[in-house]
Each structure stands twice: as structure tokens, then as C-alpha cells.
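Undergrad: Sending over a structure as C-alpha cells; questions will come in a sec.
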Amino acid sequence: MDFDWSYTVTAMPILLNGLEFTISIAVFGIALGFILGVLAGLSRCSHNKILYHIAGIYIGIIRGTPLMVQAIYLYFAIPVMLDFNLPVLPAGILAIGLNSGAYIAEIVRGAIQSVDLGQYEAGTCLGLSKFQIYWGIVFPQAFRLMLPSLGNQFIISLKDTSILTVIGATEMTHQAMKAVSASFKTVEVYTALALMYLLLCTLLSMILKRVEGNMKL
Amino acid sequence: MKDLILSVKNLSKSYGDLEVLKDINMDVREGEVISVIGPSGSGKSTFLRCINLLEEPNSGTISYQNEVINQGKYNRRKLHREIGMVFQKFNLFPHMTVLKNITYAPQKLKIASKKEIEAKARELLSKVGLAMKADEMPNNLSGGQQQRVAIARALAMSPKILLFDEPTSALDPELVGEVLKVMKTLADEGMTMVVVTHEMGFAREVSNHLIFMENGYIVEEGDPKEIFAHPKNERTAQFLSSVL
């Protein structure tokens with residue numbers, strides 16, 4: 001079989017059209033997911049029963065349904081139910097944010113609970129308040145503990161943006177599919193697409209490694 | 001006789017059906033050094049942890065400076081500022097430098113100006129022989145050094161009483177001496193101390209009151225040298241002969 005591999009290079013600029021969309025959704029989605037994840041994760045560690053259960057329901061729903069269904073539901077079903085118009089970019093950000101938030105919540109909860117009990121006791125025995133113990137002693141250590149899994153989740157979410165093609169987000173995968181239907185160069189274009197994701201994820205994991213290294217104890 | 005600073009009366013503690021402390025009584029006077037010894041599982045550490053309410057006693061009273069602390073609305077944070085604790089596993093804050101470990105609580109609680117707190121921390125570090133280690137991270141120190149930092153950290157709050165929970169049990173044998181030396185210095189300076197320990201040399205030579213516990217009871221107590229030489233209780237005699 002003959003492939004026109006030069007088209008792989010030619011296809012790159014077409015994909016770059018979708019890069020901005022991909023990155024916007026990933027960056028804002030992950031940021032939203034981080035905030036939601038910290039809040040839900042803290043709620044899962046809280047003695048407040050209401051917060052604990054709200055976070056539990058949220059995590060249960062997200063983990064119990066596929067991202068693709070969540071995206072479709074957010075973009076098509078909810079606007080119909082509530083009678084409003086949700087543009088595709090915010091819908092994509094919300095989908096990635098809500099989805100990654102649930103997984104990040106579990107990462108946050110796990111990290112906080114694995115900080116040694118002796119650290120709380122040492123803080124208590126010095127007369128520190130609960131707030132001072134959590135902010136000054138527990139969270140900084142929990143953050144270091146959660147970095148590897150957090151990085152992993154960031155990479156998963158970055159790749160998950162490709163699923164948003166189903167709601168018509170004009171991100172990279174969408175652009176690639178469009179390019180294929182125009183040129184029929186399936187192998188060349190999808191190779192370019194895979195390489196683009198590989199490049200993005202490699203970059204992100206290099207940045208994460210760096211942060212992890214700097215924060216090592 | 002010196003002033004009574006801490007008094008434990010009829011203290012009991014159980015976890016479910018398991019009674020770990022039964023009718024414990026103890027008086028601590030200013031400047032006194034009390035050693036608590038006994039076999040593992042005898043309740044020594046639980047007893048110590050009840051004193052600063054890390055464990056909640058089931059019954060009995062603990063009075064600090066003539067105020068009952070384990071009932072009603074006693075200000076626990078004030079109590080913790082005045083009763084310091086040194087742990088078996090040091091429990092230093094691994095993400096802070098040695099100096100920050102010592103200054104963190106005093107600065108958060110604003111017990112003095114920032115400058116004074118840091119000056120005092122450096123002074124305490126030289127006292128425990130670690131002046132050069134101020135900017136190190138705890139994980140770069142040996143166990144003995146970490147425990148000496150932990151002692152300096154507790155001292156930075158200027159506590160009235162210092163509790164030690166098996167402070168040398170997690171250390172390599174050759175590092176035990178440096179920690180005991182610091183503790184002996186504190187004792188000589190008049191610090192009031194309650195020490196749960198397996199170091200019989202310290203219990204005999206440094207402390208002025210000895211408590212032997214077994215099965216949650218205080219089986220025997222009194223002058224350390226007297227008990228080491230002539231234990232009255234059979235179990236005390238057995239224990240001492242097996243550890244000495």
C-alpha cells in the first residue's frame with residue numbers, strides 16, 4: 001500500500017486549527033476540575049454530613065457514567081430541560097471539569113487521609129488551631145502526596161477532550177476527521193493526530209515531573 | 001515541698017470492653033522528673049496521652065494548676081501551649097526546615113515578636129547541639145538529631161511540663177545517648193518532666209519518682225533507686241530483673 005507520508009506533515013496545520021480549542025478546554029476544564037476536586041475531596045474528609053453526602057453523590061454519578069454520555073447530556077439534554085442555550089466551549093469545559101473533579105476529589109481525599117496522624121498530634125500538642133494544622137501542616141504534605149496521581153489525571157483529562165468531538169467541539173480530533181473526509185488520507189491524518197496528542201502529553205508530563213521534583217521532600 | 005502542678009485522680013480509660021487504664025493516680029510537683037516504666041501494653045503511653053487529652057479519659061479527673069481540664073469547657077489550646085510533648089516517632093514537619101519546625105507554632109500563636117522567636121529557636125538549637133542544622137530539612141538528619149529538634153520545638157513554647165512518649169525507642173542504639181543527654185540537662189535545669197521510657201539508666205539516675213505500670217494499673221511507685229534496689233512487688237522485681 002502506498003501512503004503519502006508527506007501529507008502527515010501537511011495535515012499538521014489543519015490540526016493546529018483545533019489545538020487552541022483543545023488547549024482551552026483542557027486548561028480551563030482541568031482548572032475547574034481541580035477546584036471542584038479539592039472542594040469535594042475536603043467534603044469527603046469533613047464531619048459535616050450534608051457536605052459529605054453531596055460530594056458522595058457527585059462522585060458516584062460521574063464515576064458511574066461515561067464522559068461521552070456526560071458531555072452529550074450537558075450539551076443536548078440539560079439546555080432543553082432548562083430552556084437555555086449552552087455554547088459548545090463552555091459545555092466542553094464543564095464536561096471536562098465536572099468529570100475530572102470527581103476523580104481529583106478521590107485523589108485529594110486519599111492524600112489528606114494518608115498524612116501521618118502524628119502530624120496532627122504534633123500540631124495539636126503545640127497549641128495550634130485546627131485551621132493552622134490543616135493549612136500549615138497537613139495540606140502542604142497532602143499536596144506533595146497527591147502530585148503523581150494528580151498529574152496522571154491531568155493527562156487523562158487532556159486526552160479526554162477528544163471525546164468532545166461528539167458535541168461538535170472543533171478541537172483537534174474533530175479537525176482531523178474533517179480533514180480525512182476531505183482528503184481520504186485516513187492513515188496520514190490520524191497519524192498526525194496521534195503524534196500531536198503524544199507531543200502535548202509528553203510536554204505536560206515533563207512539566208509535571210519538574211514540579212514534582214521541585215517539591216520533593 | 002514544691003507546688004503541685006498536675007494531679008491525676010482515679011483515671012480510667014477503656015476502648016470498648018478493653019480496659020487499658022484502671023484507677024490511676026499521680027501528682028506532679030514543679031521541677032519533678034517522673035519516669036513511667038513497665039512492659040509493653042501496660043498502658044504507659046495511653047496514660048501519658050491522657051494527660052494532655054490526646055486520649056479522652058472515661059472517668060477520673062486531671063487537674064492542671066488546680067483546674068480540672070478533662071471536664072467542662074477548659075481551654076485545651078492553652079493547655080497544649082503549656083504542656084509540651086515529645087513523641088516516639090519525632091513527628092517533625094517534613095516540609096519545613098529545622099528552624100521553621102521550631103518557630104512555626106510560636107509565630108502562628110504570636111507568643112513573641114518574630115525576631116525574638118527566631119533568636120530563641122537558634123538558642124534552643126545550640127542547646128541541643130544542632131546550631132549548624134537550622135536550615136536542613138528534617139529528613140536529612142539522623143533519628144537522634146530529629147528527636148533533639150523535636151525537643152527544641154517543644155521547648156520553644158516555654159512549656160510548664162514536658163511529656164516524653166518513649167523518646168528513644170525508635171532510635172538506633174548508638175543514637176540514644178545524645179537524646180538522653182539533652183533530657184538530663186533539662187532535668188538538671190528544673191524542667192518538670194513525665195517520661196515514659198524503656199531506658200532504665202535514665203529512670204534510675206535522672207528521675208526522682210518512678211512509676212511501674214502493668215495491665216493498666218500502677219503496681220508500684222516511689223523513689224527510683226529504692227525500687228531498683230528493693231522492689232516490693234513481685235511483678236516489679238520480675239520486670240526489673242528481665243530488663244537489667
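The values are calculated or read from the model by the stated rules, or taken from the named source; none is laboratory data. In this text, all values refer to a predicted model and were calculated from it rather than measured experimentally. Every residue, glycine as well, gets a Cβ built from its backbone with ideal geometry; the counts of neighbours run over all protein chains shown. To get the accessible areas, we keep the full protein, side chains included, count just its heavy atoms, and leave off ligands, DNA and RNA. Shrake-Rupley method; radii C 1.70, N 1.55, O 1.52, S 1.80 Å.
Undergrad: In the stretch A:36-48, how many are open to solvent by 80 Å² or more (accessible area, probe 1.4 Å) and aliphatic (A, V, I, L, M)?
TA: First, the residues of the stretch A:36-48 that are open to solvent by 80 Å² or more (accessible area, probe 1.4 Å): A:39, A:47.
Going one step further and asking which of them are aliphatic (A, V, I, L, M), we end up with A:39.
Residues in the stretch A:36-48 being open to solvent by 80 Å² or more (accessible area, probe 1.4 Å) and aliphatic (A, V, I, L, M): 1 in total.
Undergrad: Moving to a separate point now. Would you point out which residue out of A:SER100, A:SER46 is at pLDDT below 95 and among the hydroxyl-bearing types (Ser, Thr, Tyr)?
TA: Details: A:SER100 fails: at pLDDT below 95.
Within the list A:SER100, A:SER46, the selection yields A:SER46.
Undergrad: Open to solvent by 40 Å² or more (accessible area, probe 1.4 Å) and either touching a residue at least 40 places away in the same chain (Cβ under 8 Å) or assigned to a helix (DSSP H, G or I) (or both), is that true of A:ILE156?
TA: Working: open to solvent by 40 Å² or more (accessible area, probe 1.4 Å): yes; either touching a residue at least 40 places away in the same chain (Cβ under 8 Å) or assigned to a helix (DSSP H, G or I) (or both): yes.
Here the answer is yes, as A:ILE156 does meet what is asked.
Undergrad: Taking A:VAL166, is it more than 14 Å from chain B (Cβ to nearest Cβ) and open to solvent by 30 Å² or more (accessible area, probe 1.4 Å)? Before you say what the answer is, go through the steps one by one.
TA: Details: more than 14 Å from chain B (Cβ to nearest Cβ): yes; open to solvent by 30 Å² or more (accessible area, probe 1.4 Å): yes.
So A:VAL166 fits the description; yes.
Undergrad: Residues in the stretch A:49-92 that are part of a loop (DSSP other than H, G, I, E, B), of a type in the set (A, V, I, L, M, F, W, C) and exposed (fewer than 12 other Cβ atoms within 10 Å of the Cβ): how many? Talk me through it step by step, then tell me what you get.
TA: Of the residues in the stretch A:49-92, the ones part of a loop (DSSP other than H, G, I, E, B) are A:64-66, A:83-87.
Now restrict to residues that are of a type in the set (A, V, I, L, M, F, W, C): A:84, A:86.
From what's left, exposed (fewer than 12 other Cβ atoms within 10 Å of the Cβ): A:84.
Selection size over the stretch A:49-92: 1.
Undergrad: Go through the residues of the stretch B:14-30 one by one and say whether even a single one is open to solvent by 10 Å² or more (accessible area, probe 1.4 Å), within 13 Å of another protein chain (Cβ to nearest Cβ), of a type in the set (Asp, Glu) and not in a helix (DSSP H, G or I).
TA: no
Undergrad: Also, quick follow-up: Among what's in the stretch A:93-130 and is of a type in the set (Asp, Glu) and part of a helix (DSSP H, G or I), pick the residue that is nearest to the chain's Cα centre (by Cα). It would help to see each step written out before you state the result.
TA: Start the filter on the stretch A:93-130 by keeping residues that are of a type in the set (Asp, Glu), which leaves A:106, A:116, A:121.
With the extra rule that they be part of a helix (DSSP H, G or I), the set shrinks to A:106, A:121.
Numbers: A:GLU106: 13, A:GLU121: 34 Å.
If we take residues in the stretch A:93-130 being of a type in the set (Asp, Glu) and part of a helix (DSSP H, G or I), then A:GLU106 is nearest to the chain's Cα centre (by Cα).
Undergrad: Please verify whether the stretch A:129-152 includes one or more residues that are crowded, with 20+ Cβ neighbours inside 10 Å and under 30 Å from A:LEU15 (Cα atoms).
TA: Looking for residues that are crowded, with 20+ Cβ neighbours inside 10 Å and under 30 Å from A:LEU15 (Cα atoms), one finds at least one in the stretch A:129-152, hence yes.
Undergrad: Which residues, taken from the stretch B:222-237, are open to solvent by less than 90 Å² (accessible area, probe 1.4 Å) and not in a loop (DSSP other than H, G, I, E, B)? Lay out the reasoning, then the answer.
TA: Within the stretch B:222-237, the subset open to solvent by less than 90 Å² (accessible area, probe 1.4 Å) is B:222-224, B:226-229, B:231, B:233, B:235-237.
B:GLY222, B:PRO224, B:GLU226, B:ILE227, B:PHE228, B:ALA229, B:ARG235, B:THR236, B:ALA237, listed by residue number.
Undergrad: Does the stretch A:94-106 hold any residues that are of a type in the set (A, V, I, L, M) and open to solvent by less than 30 Å² (accessible area, probe 1.4 Å), and which are they?
TA: Keep residues of the stretch A:94-106 that are of a type in the set (A, V, I, L, M), which gives A:94-96, A:98, A:102, A:104-105.
Result: A:ALA95, A:ILE96, A:ALA102, A:ILE104, A:ALA105.
Undergrad: Quick one: in the stretch B:92-114, which of the residues that are out of contact with any helix residue (DSSP H, G or I) (no Cβ under 6 Å at 6 or more places or on another chain) and within 8 Å of chain A (Cβ to nearest Cβ) is least open to solvent (accessible area, probe 1.4 Å)?
TA: Only one residue fits best here, namely B:ALA105.
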